[in-house]
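Here is the structure we will look at.
The values are calculated or read from the model by the stated rules, or taken from the named source; none is laboratory data. Remember, it's a predicted structure, so these values are computed and weren't measured experimentally. As a convention, Cβ positions derive from the backbone with ideal geometry for all residues, glycine included, and neighbour counts pool all protein chains shown.
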Number of protein chains: 2
Amino acid sequence: MTIYDISKKAGVSIATVSRVLNGSSNVKPRTRKKVLDIIEQCGYKPNAFARGLGLNSMKTVGILCADASDLYLAKAIYYIEQNLRENGYNSVLCCTGYEIPSRKKCLNLLLSQHVDSVIMVGSNFIMNNAEDNKYVIEGAASVPIMLLNADFDCPNVYCTLCDDYKATQDATECMLDAGIKNILYLYNSTTYSGLKKLAGFQNALLTHDIPLRKEYQQCFPGSREDIDGVRDFVDKLYKEGLKFDGIVTSEDFLAIGAMNFAKANKIDVPGKLQIVGYNNSILAHCSEPNISSIDNRLEDMCIQLVKTLIGTLNQNEMPQKTIFSGELIKRGSTNF
Amino acid sequence: MTIYDISKKAGVSIATVSRVLNGSSNVKPRTRKKVLDIIEQCGYKPNAFARGLGLNSMKTVGILCADASDLYLAKAIYYIEQNLRENGYNSVLCCTGYEIPSRKKCLNLLLSQHVDSVIMVGSNFIMNNAEDNKYVIEGAASVPIMLLNADFDCPNVYCTLCDDYKATQDATECMLDAGIKNILYLYNSTTYSGLKKLAGFQNALLTHDIPLRKEYQQCFPGSREDIDGVRDFVDKLYKEGLKFDGIVTSEDFLAIGAMNFAKANKIDVPGKLQIVGYNNSILAHCSEPNISSIDNRLEDMCIQLVKTLIGTLNQNEMPQKTIFSGELIKRGSTNF
DNA sequence: ATGAAAGCGCTAACAA
DNA sequence: TTGTTAGCGCTTTCAT
């Protein structure tokens with residue numbers, strides 16, 4: 001069933017059918033109705049390939065993300081896909097893993113599929129090293145590239161992010177103000193966003209005239225799945241004599257690991273130890289007491305990202321950078 | 001840069017370039033090399049739309065899932081996407097939500113995009129009601145449909161699932177054999193798979209000559225995000241006087257909620273209460289002690305599903321149904 | 001082993 | 001308001 005069949009049955013030309021299909025105003029209402037009826041009757045659906053070939057667009061955007069099974073990234077994908085579909089765009093998903101060559105390959109794959117844009121979900125797409133970011137610039141030469149949670153200055157690259165620096169600083173200051181003296185900062189990534197969080201932590205201490213101590217900034221080397229590993233990691237620090245009465249983390253899974261460490265050692269939370277997570281994910285609800293966690297307004301970011309994207313595709317001038325501020329959601333793992 | 005440009009530069013016809021591109025054997029090695037060199041040199045990539053138009057396939061499969069942010073579904077999507085890409089297929093994702101009309105709409109959207117196949121991820125795509133399953137049959141008329149974790153008899157529909165019935169039965173029997181008398185079964189869905197699990201639980205009791213008591217089979221009405229709600233739900237049952245020393249659940253979030261209930265009431269796990277989860281997700285690691293959970297071999301299922309799909313698309317005869325068996329992963333929340 | 005040419009189904013410029 | 005027609009870039013059949 002093609003546009004030719006419909007035109008024949010309706011006794012009009014294919015151009016008219018095409019006009020009806022595309023909602024052109026230059027069609028007599030009666031003709032429109034006749035065509036529409038036939039289309040309905042035949043259950044005709046235009047061929048997306050042919051349309052794509054003509055318009056050089058299939059109304060599709062590529063979503064690149066390291067790992068769609070990651071709690072945080074999965075939520076982002078969910079929000080983004082829904083918003084895109086509401087705007088008439090389909091989503092082609094590519095899970096790249098964390099290696100650069102594989103990312104380049106995925107990006108090229110998407111570009112060769114002629115997606116209208118590429119969304120990179122997660123701060124891990126931007127490195128601290130110009131060489132490794134070249135693929136983004138190259139990609140932006142073909143289509144607009146949208147970054148979620150990353151910051152990168154380049155024409156045709158649009159960033160939507162949360163001020164992780166300030167959010168972490170605020171949370172740390174809350175803790176300091178509550179009288180916590182020895183705060184352990186637990187993190188697991190040195191992406192752009194990861195470093196921002198760390199800097200926020202450091203700045204909070206400096207603002208309070210507290211010297212930075214290296215042993216109070218610990219990078220957990222394991223994976224996000226390895227909560228037991230986090231527990232053991234903190235346990236080891238504790239057994240080695242590190243004294244801490246507060247833990248600020250860069251992700252909820254670290255906070256849960258810390259919580260399990262406390263439980264295993266019968267350390268009262270929040271009485272003797274206060275814990276703050278990041279992302280406000282479901283993990284923050286997995287312990288008793290629940291974990292205070294920084295919400296970085298993922299849904300708002302995703303909505304905004306899609307809005308910016310659609311604007312860009314419609315040739316509107318859109319802001320290159322949109323920054324949200326995070327917010328500490330206070331729960332039972334803290335006293336303040 | 002099109003096939004014409006390449007053919008001109010190489011001094012051959014477009015047909016020859018096309019042959020080279022598609023690995024046809026009928027090309028003289030020297031010609032092939034010449035063309036390949038030019039292609040390489042120009043960084044030429046064939047236009048996917050044009051190819052799609054000619055072949056009526058863009059090597060793309062649609063993935064339908066209710067909610068890509070659900071822990072379990074997200075993992076499935078991750079595995080499936082990777083396997084598909086390794087086989088040269090792209091994935092178009094559609095998150096449908098849990099309502100039937102929206103599912104139909106998404107399915108039609110994918111079909112109108114001429115995907116080569118549709119994968120439905122999650123047991124919730126098949127209802128206990130023929131009328132509501134009609135859209136699957138209709139879809140199967142156009143392309144092969146792959147179901148993950150659901151069972152549906154229909155030509156051109158292929159199922160890959162886990163024997164949830166047996167897995168739940170086995171876990172329940174383990175508990176009974178360990179001397180647990182009053183087992184509460186906590187579930188949250190009445191999909192095909194949900195009912196199978198429930199039946200497995202019931203059958204275990206019957207096998208041990210224990211009468212079924214309605215109040216020991218409780219359906220949590222809230223969402224998967226609402227772990228606090230689960231805790232309160234169990235707490236209410238407890239406060240109302242229900243006595244139980246074991247809880248078998250249909251999903252890990254229910255188990256975590258039960259665990260938090262125990263913690264809040266200072267009930268020793270596994271001393272006074274034993275808990276079993278389902279899915280063996282990260283949530284099973286979120287409490288201290290960790291939660292024993294049934295692993296339904298999601299990755300194996302996804303790999304098999306893609307294998308079956310690729311076989312089908314290559315016109316091989318493939319089994320309509322593949323069933324895996326689950327396995328209880330024993331951790332600290334149980335004594336057996 | 002290679003080339004010419006006919007589609008694939010649609011959009012859009014141009015003509016009427 | 002409607003129709004005619006030339007592409008879009010590729011695959012494939014049929015000649016050679």
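A compact table of results
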quantity	calculated
Sole residue being within 16 Å of DNA strand C (Cβ to nearest atom) and more than 23 Å from A:GLY88 (Cβ to Cβ), chosen from B:ASN26, B:ASN83, B:ASN129	B:ASN26
Filtered residues of region A:41-56 (kept if near DNA strand C (Cβ under 10 Å from one of its atoms), assigned to a helix (DSSP H, G or I) and either touching a residue at least 40 places away in the same chain (Cβ under 8 Å) or away from chain B (no Cβ under 14 Å) (or both))	A:GLY52
Residue that is farthest from the other protein chains (Cβ to nearest Cβ) [pool: residues in region A:103-137 that are more than 17 Å from the chain's Cα centre (by Cα) and among the small types (Gly, Ala, Ser)]	A:ALA130
For B:CYS65: the one exception among (1) over 20 Å from B:GLN304 (Cα atoms); (2) under 13 Å from the mean Cα position of the chain (by Cα); (3) not β-branched (Val, Ile, Thr)	(1)
Condition check for B:VAL230: under 21 Å from B:SER193 (Cα atoms) and either more than 14 Å from chain A (Cβ to nearest Cβ) or charged (D, E, K, R) (or both)	no
Where a residue in region A:254-269 is more than 8 Å from every other protein chain (Cβ to nearest Cβ) and its partner, wherever it lies, is surrounded by 18 or more Cβ atoms within 10 Å (Cβ to Cβ) and part of a helix (DSSP H, G or I), with Cβ under 6 Å and at least six apart	A:LEU254/A:VAL230; A:GLY257/A:ILE227; A:GLY257/A:VAL230; A:GLY257/A:ARG231; A:ALA258/A:VAL234; A:PHE261/A:ARG231; A:PHE261/A:VAL234; A:VAL269/A:ALA262
Verdict on B:ILE38 being at the interface with chain A (Cβ under 9 Å from one of its Cβ atoms), buried (at least 18 other Cβ atoms within 10 Å of the Cβ) and among the β-branched types (Val, Ile, Thr)	no
Condition check for B:ILE275: touching a Ser or Thr at 6+ places or on another chain (Cβ under 6 Å), surrounded by 24 or more Cβ atoms within 10 Å (Cβ to Cβ) and within 25 Å of A:ASP268 (Cα to Cα)	yes
Flag if A:THR322 is away from chain B (no Cβ under 14 Å) and within 21 Å of A:LEU73 (Cα to Cα)	yes
Counted residues, region A:7-35 - those being among the aliphatic types (A, V, I, L, M), within 11 Å of DNA strand D (Cβ to nearest atom) and either assigned to a helix (DSSP H, G or I) or within 14 Å of chain B (Cβ to nearest Cβ) (or both)	6
Contacts under 7 angstrom Cβ, first residue in region B:9-22 being in the same structural domain as B:GLY43 (by TED's automatic domain parsing), partner within 6 Å of DNA strand D (Cβ to nearest atom), 6 or more apart	B:ILE14/B:ILE3; B:VAL17/B:ILE3; B:SER18/B:ILE3; B:LEU21/B:PRO46
Of residues in region B:43-58 being surrounded by fewer than 13 Cβ atoms within 10 Å (Cβ to Cβ) and more than 8 Å from DNA strand D (Cβ to nearest atom), the one nearest to A:MET58 (Cα to Cα)	B:ASN56
Residue check, A:MET301 in contact with a Gly (Cβ under 6 Å, 6 or more places away or on another chain), farther than 23 Å from A:ASP226 by Cβ and either touching a residue at least 12 places away in the same chain (Cβ under 8 Å) or not aromatic (Phe, Trp, Tyr) (or both)	no
